[in-house]
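*Asks:* Have a look at this one.
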There are 2 protein chains.
Amino acid sequence: MKAAGRQRTGWRGARGARSASVEPTGHSLEGLYAELVAHKLIIPVGVPGIFGRGAVFERVLRRFAAVISGVAERDGAEVMVFPPTIDRRVLEKSEYLDSFPNLAGSVFSFVGDEAEHAALSEAVHAGASWEAWQRMTEVVLAPAACYPVYPTLSGTIPAGGRVVDTESWVFRHEPSPEPTRMQAFRVRELVRVGTPEEVLEWRQSWIERGVELLRTLGLDARSEVAADPFFGRGGRLLAANQREQQLKFEVRVPILSETEPTAVCSFNYHQDHFGKIFDIRLPSGAVAHTACLGFGLERCVMALFRTHGMEPAQWPTRVRDALAA
Amino acid sequence: MKAAGRQRTGWRGARGARSASVEPTGHSLEGLYAELVAHKLIIPVGVPGIFGRGAVFERVLRRFAAVISGVAERDGAEVMVFPPTIDRRVLEKSEYLDSFPNLAGSVFSFVGDEAEHAALSEAVHAGASWEAWQRMTEVVLAPAACYPVYPTLSGTIPAGGRVVDTESWVFRHEPSPEPTRMQAFRVRELVRVGTPEEVLEWRQSWIERGVELLRTLGLDARSEVAADPFFGRGGRLLAANQREQQLKFEVRVPILSETEPTAVCSFNYHQDHFGKIFDIRLPSGAVAHTACLGFGLERCVMALFRTHGMEPAQWPTRVRDALAA
């Protein structure tokens with residue numbers, strides 16, 4: 001509640017400094033988008049959920065990511081960075097397409113001769129579909145930053161397990177005018193592999209550290225049990241099961257609504273799902289367990305702007321200090 | 001030539017510190033890839049041209065990018081960051097598909113009901129193609145970092161023009177075992193828009209600054225007129241024309257070969273191509289001209305490891321100082 005109090009003060013404080021042409025609109029969807037655009041924090045490109053980030057937005061994002069790095073380093077995390085395009089087989093093996101077929105993005109390309117190229121070009125210039133001249137490639141878009149990490153863990157892990165720190169652009173095919181629901185965004189993700197006890201203890205400690213980290217930045221963060229948006233009617237059962245087993249937690253912060261806060265960080269315990277698929281083993285020979293946590297970097301940054309106002313120079317000193325550290 | 005001398009010394013100096021299991025192989029293709037993997041600088045994923053980057057590789061890359069930032073800031077460049085997925089219409093309008101249809105990547109996704117999803121899942125589990133259940137979306141992969149910048153410049157630019165500093169993951173569908181020929185990589189790109197004179201003067205100054213920047217880092221950099229790999233037989237004519245008009249320059253550094261150095265930076269003068277397409281105008285009302293330059297960040301980093309050895313701690317002090325600045 002203290003964090004919420006600071007939030008309102010910071011928000012009002014910054015409001016006075018904004019240009020008069022931007023009307024205050026409270027926690028509404030259109031209000032946030034319009035304000036982010038008016039302050040050049042985001043740059044519309046004509047496709048919902050795909051926008052550019054301005055210099056100030058980006059600087060805050062990198063500083064926020066550096067705060068996570070600081071905590072992850074104390075965990076002895078190994079840094080790995082993967083491209084936004086990953087091996088298609090990882091998506092196929094991991095059963096992502098069973099659960100979220102509608103969100104996945106696959107990469108297609110042209111393979112053909114000059115006659116086919118002429119037909120492709122003609123379609124493009126005529127404003128017609130050129131879909132017919134595209135073939136599936138070996139890569140897909142990463143649906144989460146952790147997916148390319150698991151295959152690199154195959155084999156026997158050392159006693160005590162491993163922690164990996166990764167950041168990646170991820171893709172979700174869900175066009176929306178909501179600024180927090182993006183098709184492309186960056187996730188800073190930590191992956192833990194080890195015994196069930198090691199993994200669960202790590203997850204619990206990170207739920208606490210994640211909430212604390214966000215509260216230090218003046219955000220009204222709360223953790224709760226959550227479930228994924230599985231596809232189709234069968235998905236409801238999967239979600240109920242996930243919730244019952246407490247496999248997923250989210251940390252939520254008010255961005256668009258005080259009463260329905262937005263998830264900015266999620267914690268998933270996969271049990272032996274990835275261990276089995278990618279043959280990751282404990283020194284005992286048993287299948288290793290995994291968990292991951294991901295900070296949605298753009299959402300965290302939007303929460304900061306929403307909470308403290310559109311001008312970082314006017315944010316509370318303790319927030320600016322925490323980001324500069 | 002002095003740079004080349006330092007290069008060999010640095011390279012040999014580091015060689016002694018490497019694990020004995022990695023055989024020195026000179027400037028060969030397989031040698032570089034094996035060494036980068038052995039030193040955990042890159043992490044193979046099973047698809048050529050798509051690999052992970054280790055902590056040390058990534059740290060060098062970020063420091064190298066910071067050196068470019070330092071120079072760009074003195075130009076008064078505005079920072080913009082775009083996702084790796086861009087508006088499909090930008091690719092269509094810009095005529096990229098006329099010239100490089102084979103390199104472009106488009107994003108497809110599943111749109112269907114539960115019965116179609118069942119068929120998709122069945123295909124995936126059977127190891128069969130699931131291409132038939134994918135439809136073209138509104139986004140494509142960025143073929144170069146500058147593409148999403150041009151539409152944001154539409155309208156009348158201020159006197160003196162503008163400079164934009166951007167960095168993005170780009171995609172080129174050209175699977176290859178060569179470590180320097182990637183399907184996914186990051187390009188740090190600067191875009192200049194203005195009068196023809198402003199744009200050409202800026203490009204010339206950056207060719208000089210680009211070479212100087214790389215030489216300061218001990219790289220044997222040389223600039224030369226170049227041409228793009230246009231598709232098809234007609235492409236040869238386009239390339240000859242581009243070369244004759246000196247529209248493209250590249251800065252090359254020996255990475256895989258002393259005699260055939262690799263392009264690490266390219267400078268393109270588009271004349272009024274993008275200005276016309278995206279209606280970018282000078283204060284006079286005339287169509288603005290544009291130029292861009294892009295540093296292939298992974299190639300620059302590989303050039304550093306190739307030149308100075310696999311252990312940054314053993315790089316020449318002046319190189320480490322230049323990267324730390």
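The values are calculated or read from the model by the stated rules, or taken from the named source; none is laboratory data. Bear in mind that the values here come from a model prediction, so they are computed numbers and not experimental data. Note: ideal-geometry Cβ built from the backbone for every residue, glycine included; neighbour counts use all protein chains shown. Note: areas computed on protein heavy atoms with side chains; ligands, DNA, RNA excluded. Shrake-Rupley method; radii C 1.70, N 1.55, O 1.52, S 1.80 Å.
*Asks:* Taking the criterion of being touching a residue at least 40 places away in the same chain (Cβ under 8 Å) and at positive phi, would at least one residue in the stretch B:219-235 satisfy it?
*Replies:* No: the stretch B:219-235 contains no residue that is touching a residue at least 40 places away in the same chain (Cβ under 8 Å) and at positive phi.
*Asks:* Considering B:E250, B:E201, which residue is buried (at least 20 other Cβ atoms within 10 Å of the Cβ) and without any contact (Cβ under 8 Å) to a residue 40 or more places away in the chain?
*Replies:* Going through B:E250, B:E201 in turn, the sole match is B:E250.
*Asks:* Quick one: B:T180 ticks every box in (1) open to solvent by 10 Å² or more (accessible area, probe 1.4 Å); (2) of a type outside the set (K, R); (3) farther than 21 Å from A:L97 by Cβ; (4) more than 9 Å from chain A (Cβ to nearest Cβ) except a single one, so which number is it?
*Replies:* Among (1) open to solvent by 10 Å² or more (accessible area, probe 1.4 Å); (2) of a type outside the set (K, R); (3) farther than 21 Å from A:L97 by Cβ; (4) more than 9 Å from chain A (Cβ to nearest Cβ), the lone unmet condition for B:T180 is (1).
*Asks:* Turning to a different aspect of this structure: Only one of these conditions is not met by B:T166: (1) β-branched (V, I, T); (2) under 30 Å from B:P254 (Cα atoms); (3) more than 9 Å from chain A (Cβ to nearest Cβ). Which number is it?
*Replies:* Answer for B:T166: the failing condition is (3).
*Asks:* Among the candidates A:G275, A:G235, single out the residue that is modelled with pLDDT under 95, open to solvent by less than 10 Å² (accessible area, probe 1.4 Å) and in a helix (DSSP H, G or I).
*Replies:* A:G235
*Asks:* Another question, then. Would you confirm whether any residue within the stretch B:51-68 is more than 26 Å from A:R62 (Cβ to Cβ) and within 7 Å of chain A (Cβ to nearest Cβ)?
*Replies:* No; the residues of the stretch B:51-68 include none that is more than 26 Å from A:R62 (Cβ to Cβ) and within 7 Å of chain A (Cβ to nearest Cβ).
*Asks:* State which residue is surrounded by the fewest Cβ atoms within 10 Å (Cβ to Cβ) when the search covers only the stretch A:110-169 and only residues that are over 25 Å from B:N102 (Cα atoms) and aliphatic (A, V, I, L, M).
*Replies:* A:A159
*Asks:* Something else now. Give me the residue from the stretch B:246-272 that is among the aliphatic types (A, V, I, L, M) and outside any strand (DSSP E or B) and, out of that set, modelled with the lowest pLDDT.
*Replies:* Taking the candidates together, the pick is B:L256.
*Asks:* Within the stretch A:112-123, track down each residue that is out of contact with any Pro (no Cβ under 9 Å at 6 or more places or on another chain) and at the interface with another protein chain (Cβ under 7 Å from one of its Cβ atoms).
*Replies:* A:E114
*Asks:* Let me ask something else. Return yes when A:G285 is surrounded by 20 or more Cβ atoms within 10 Å (Cβ to Cβ) and over 16 Å from A:G218 (Cα atoms) and no when it is not.
*Replies:* Taking the combined requirement at face value, the residue does not satisfy it.
*Asks:* Continuing with this model, one more query. Within the stretch B:38-50, work out how many residues are crowded, with 17+ Cβ neighbours inside 10 Å and either basic (K, R) or away from chain A (no Cβ under 11 Å) (or both).
*Replies:* Within the stretch B:38-50, residues that are crowded, with 17+ Cβ neighbours inside 10 Å and either basic (K, R) or away from chain A (no Cβ under 11 Å) (or both) number 2.
*Asks:* Oh, and also: Checking B:G155 against (1) on the phi > 0 side of the Ramachandran plot; (2) touching a helix residue (DSSP H, G or I) at 6+ places or on another chain (Cβ under 8 Å); (3) touching a residue at least 40 places away in the same chain (Cβ under 8 Å), which test does it fail?
*Replies:* In the conditions (1) on the phi > 0 side of the Ramachandran plot; (2) touching a helix residue (DSSP H, G or I) at 6+ places or on another chain (Cβ under 8 Å); (3) touching a residue at least 40 places away in the same chain (Cβ under 8 Å), B:G155 misses (2) alone.
*Asks:* When the residues of the stretch A:73-88 are narrowed to those that are more than 7 Å from chain B (Cβ to nearest Cβ) and more than 19 Å from the chain's Cα centre (by Cα), which ends up most open to solvent (accessible area, probe 1.4 Å)?
*Replies:* A:R74
*Asks:* Kindly evaluate A:V264 against the criterion of being touching a residue at least 60 places away in the same chain (Cβ under 8 Å), β-branched (V, I, T) and open to solvent by less than 20 Å² (accessible area, probe 1.4 Å).
*Replies:* When the stated conditions are applied, A:V264 does not pass them.
*Asks:* Here is a check on your reading of the model: is B:A65 modelled with pLDDT under 95 and either open to solvent by 20 Å² or more (accessible area, probe 1.4 Å) or under 19 Å from the mean Cα position of the chain (by Cα) (or both)?
*Replies:* Considered against the rule, which asks whether it is modelled with pLDDT under 95 and either open to solvent by 20 Å² or more (accessible area, probe 1.4 Å) or under 19 Å from the mean Cα position of the chain (by Cα) (or both), B:A65 comes out as no.
*Asks:* Conditions: (1) outside any loop (DSSP other than H, G, I, E, B); (2) of a type in the set (A, V, I, L, M, F, W, C); (3) under 24 Å from A:V90 (Cα atoms). B:V79 meets all but one. Number of the miss?
*Replies:* That leaves (3) as the condition not met.
*Asks:* Restricting attention to the stretch A:94-105, does a residue exist that is in a strand (DSSP E or B) and either at the interface with chain B (Cβ under 8 Å from one of its Cβ atoms) or crowded, with 20+ Cβ neighbours inside 10 Å (or both)?
*Replies:* yes
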